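Read-outs: derived from the displayed coordinates by stated rules, not from any lab. Being a predicted model, the structure only gives us computed values, none of them experimental. Glycine also receives a Cβ, built like all others from the backbone with ideal geometry; neighbour counts cover every protein chain displayed.
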Amino acid sequence: MHAIEAISLEKRFGTIQALAGISFSVEEGETFGFLGPNGAGKTTTIRILTGTTEPTGGSGRIFGRDVVREKIPARREIGIVHETSNIYTDLSAWENLMFTARLYNVGKRERESRALDLLSVLGLTGRKDDKTKGFSKGMKRRLTIAMGLINKPHLLFLDEPTSGLDVQSNLIIRDVIQRLTREGVTIFLTTHNIEEANILCDRVAIINRGRIAAIDTPERLKKTIQSVQSIEVAFDLPGAVRAEDLAGIDQVTGVRKMGDKVRLITGDPPAVIEGVMDYARRANLRIISINTRGPSLEDVFIRLTGLDEKGGGGTP
Amino acid sequence: MRIVSEYWREVCTGFSAAWAIARKDILIYYLKPNIIVSGMLFPLFMFLAFAVGRPADPATMVPGLIAITILFSSSSIEPVSIPLERRTKTFERLLSAPISLHMVVLGESMSGFLYACCIALVPLAAGMVLFKAPVSDLPALAAGIVLLSFCFATMGTLFAAYPTESPGDIMSMLNLVRLPLIFVSGVFVPIGEVPFPGQVIAYLSPLTYGNDLVQAGFGKATHFHPLLDIAALCIAIGAFQSLANRLYRTFNE
Ligand SMILES: Nc1ncnc2c1ncn2[C@@H]1O[C@H](COP(=O)(O)OP(=O)(O)OP(=O)(O)O)[C@@H](O)[C@H]1O
Ligand SMILES: [Mg+2]
């Protein structure tokens, strides 16, 4: 049985087509990433799969239960961390957790021990009885995650869990996600953050304008675009480097200046390294460092979402 | 048999979740200043506006005071709390919880209901102690207070279905309905003296039947049989509940 199954999900808001028939499935225990720009349809997908809104076409299943017809049993299995940290700021962290637990019908003893546990894992123990009005953004986010876990879900939906947070909150949250994965919890997370998807996810779907552009493991997605490997070179006199000359090197398909380094895009890194050496000799420059880089998930993302066609990135 | 016990379990968890929602509203909203103003002070001033300068014995006005106090206090929580929770997105939490929408509506109404039941004790006590208004039919009075509170609390939840994030929008729509009801429902002006189109509205207004029950509680002449009042209020509650359920579903895109 799949943890999640989406079959041609479609959602229209008036004339806006938010989802144009997306299909995918997530296996039990998998961490599945939904990577896409603003307005791609990530939140809409979560809202449909959690039964908060109904699809205008297609269907969805959570552990085999239809998200429209068997909404309530399906929801019992899941935890949801909404995009906005929706906590009650007039209540304390503890009261927020207790309320959520009651809503999910978690018994008294269980909810109390679980809440203490979650507060400690998410670094909020010291603020347990404080009103959450004064919490920082990161603390609110962590409490929202604790609330999403209070019913011990088998499947957790995380809508941009770490967006806009500092390093410390980020690390705590990633740690919690990895711990859940070890416990066998299935995770569906949306993000704009490519690195996060790369680190956390077993598989990633790239979604753009309501359509899925690709679904695969991060590594295999990168392999699909081997032609965008690159070489990063730093010269001793960055000011004297002429991008046109570098672009003229055989096999170079693009040049990007990145701080004091230059990035040369190519399908054949060894040949280009030779060319760069020749160029440095001719121009009387010394190479300080030279690195080859494989395609990043970002490159895949840019390629698949068509962002590079809009003239971004400075590729000639 | 298993299906029955499964169903029963669902009903029980539904009610306990509804109570959790009501409890949360009690903790958060009962002491908010704007709710105190609209729930307690508004009916008091309304009453004074009618009572001052009238020759009538204040005791005869006690049932009417109780009825309008309930009208205002019961429908003063959800029209504030729900739009605010839409704004902070906490309402989305309720909509995505493993409970039916009916239980969300019920839970929301429950906080207004309990609020009104408590506030109604103030004019009741004042009436009995200060004005020596005698209670002659306690069951009718209790039924009146309870059903009227529940009915208008559900009406408050119904109005709050309108998808806005601003309480003012809902309050102004609500007042458009609440204020005229006071005039036609026999609270201060007997139904028989209300001009014709008003009388039609009076027969449709739950306040008419609730007020009638409270009047019966104080041994006043009534318009309908108390059982008819009770039936009418129950029908109104059912209608508001199912309409609210439908609207929340429709507006929740
Ligand atoms: N309730 C709604 N009413 C009308 N349009 C909506 C509604 N919710 C979403 N949309 C539209 O559907 C599209 C997808 O929105 P969605 O919120 O799913 O995007 P997203 O991928 O989550 O974006 P973000 O990264 O900004 O959160 C957008 O064009 C949005 O304007
Ligand atoms: Mg979103």
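The string of couplings for the range A:93-101 from the Karplus curve (6.51, -1.76, 1.60, θ = phi - 60°) is 4, 4, 4, 4, 5, 5, 4, 4, 4 Hz, one whole number per residue in order, with x for Gly and Pro. Computed about the Cα centre, the dipole magnitude for the protein assembly as shown is approximately 500 debye when only Lys and Arg (+1) and Asp and Glu (-1) carry charge, each at its Cβ. The angle between the Cα long axis of helix A:269-283 and the main principal axis of chain A comes to about 50°, on a 0 to 90 degree scale.
Only residues of the range B:90-128 count here: report those whose backbone N is under 14 Å from the spot 7 Å along Cα→Cβ of residue B:177, or say none. Counting only backbone N, you get B:109. Remark: the residue A:125-residue A:163 segment gains 11.4 nm on full extension, using 0.36 nm per residue and subtracting the alpha carbon distance. Picking from A:204, A:40, B:20, whose Cα lies most toward the positive end of the charge dipole for the protein assembly as shown (charges on Cβ: Lys, Arg +1; Asp, Glu -1)? The one lying farthest along the dipole's positive direction is B:20. Classify the range B:63-104 from the C-alpha gyration tensor, please: rounded if a/c falls under 1.5, else prolate or oblate depending on whether a/b exceeds b/c. It is oblate, given that a/c is not under 1.5 and a/b is not larger than b/c. Backbone N atoms of the range A:1-37 closer than 20 Å to the 7 Å Cα→Cβ label point of residue A:54 belong to residues A:5-22. Taking a ≥ b ≥ c as the square roots of the eigenvalues of the Cα gyration tensor, the range B:1-100 is oblate, since a/c reaches 1.5 or more and a/b is not larger than b/c.
Charged side chains reduced to their Cβ positions (Lys and Arg at +1, Asp and Glu at -1) give the range A:1-118 a dipole of some 320 debye around its Cα centre. Of B:36, B:170, B:182, which is the most mobile in a GNM of chain B whose springs link Cα atoms less than 10 angstrom apart? Comparing B:36, B:170, B:182 in the GNM, the peak value goes to B:36.
Among A:26, A:81, A:252, whose mean-square fluctuation peaks in a Gaussian network model of chain A (Cα, cutoff 10 Å)? Most flexible of the set in this elastic network: A:252. The mean number of partner chain beta-carbon atoms within 10 angstrom of a residue's beta-carbon across peptide A:84-90 is 5. Of all the options A:172, A:206, A:62, the one that moves most in a Gaussian network model of chain A with Cα springs shorter than 10 angstrom is A:172.
Estimate the FRET efficiency between residue B:228 and residue A:108 by the formula 1/(1 + (r/R0)^6), using the beta-carbon distance for r and 41 Å for R0, to the nearest 0.05.
Working: r = 44 Å, r/R0 = 1.07.
According to the calculation, E is roughly 0.40.
When the charge dipole of chain A is built from unit charges on Cβ atoms (+1 for Lys and Arg, -1 for Asp and Glu) and taken about the Cα centre, the candidate among A:214, A:53, A:300 whose Cα reaches farthest toward its positive end is A:53. Along the axis of the charge dipole computed for the range A:64-113 (Cβ charges of +1 for Lys and Arg, -1 for Asp and Glu, origin at the Cα centre), the listed residues A:74, A:113, A:98 are led at the positive end by A:74.
Would you mind checking the tilt of helix B:62-74 against the longest principal axis of the Cα atoms of chain B, expressed as 0 to 90 degrees and rounded to 10? Relative to chain B, helix B:62-74 is tipped by roughly 20 degrees.
Could you tell me the calculated FRET efficiency between residue A:219 and residue A:182, based on Cβ-Cβ distance and R0 = 22 angstrom, to the nearest 0.05?
Details: r = 21 Å, r/R0 = 0.94.
Working from the Cβ atoms, E equals 0.60.
What does the structure give for B:92-103 when I average, per residue, the other chain Cβ atoms found within 10 Å of the residue Cβ? Please report the intermediate quantities before stating the final value.
Details: counts 8, 12, 1, 5, 13, 12, 13, 7, 2, 1, 0, 2.
Across B:92-103, the average partner-chain Cβ count within 10 Å equals 6.
For peptide A:72-79, how many partner chain Cβ atoms fall within 10 Å of a residue's Cβ, on average? The partial results should precede the final answer.
Details: counts 8, 3, 1, 4, 4, 1, 2, 0.
Rounded to a whole number, the mean comes out at 3.
If I stretch the segment between residue B:89 and residue B:27 completely, what's the gain in nm (0.36 nm per residue apart, minus their alpha carbon distance), one decimal? Mind showing how you got there, number by number?
Working: separation 62, 0.36 × 62 = 22.32 nm, distance 1.82 nm.
Gain on extension, residue B:89 to residue B:27, equals 20.5 nm.
For residue A:247 and residue A:70, compute 0.36 nm times the residue count separating them, minus their Cα-Cα distance, and round to one decimal in nm. Don't skip to the end; give the middle numbers.
Values: separation 177, 0.36 × 177 = 63.72 nm, distance 5.88 nm.
Extending this stretch completely gives an extra 57.8 nm.
A simple packing score, the average count of other Cβ atoms within 10 Å per residue, orders the peptides B:153-163, B:120-130 as B:153-163, B:120-130, with the highest score first.
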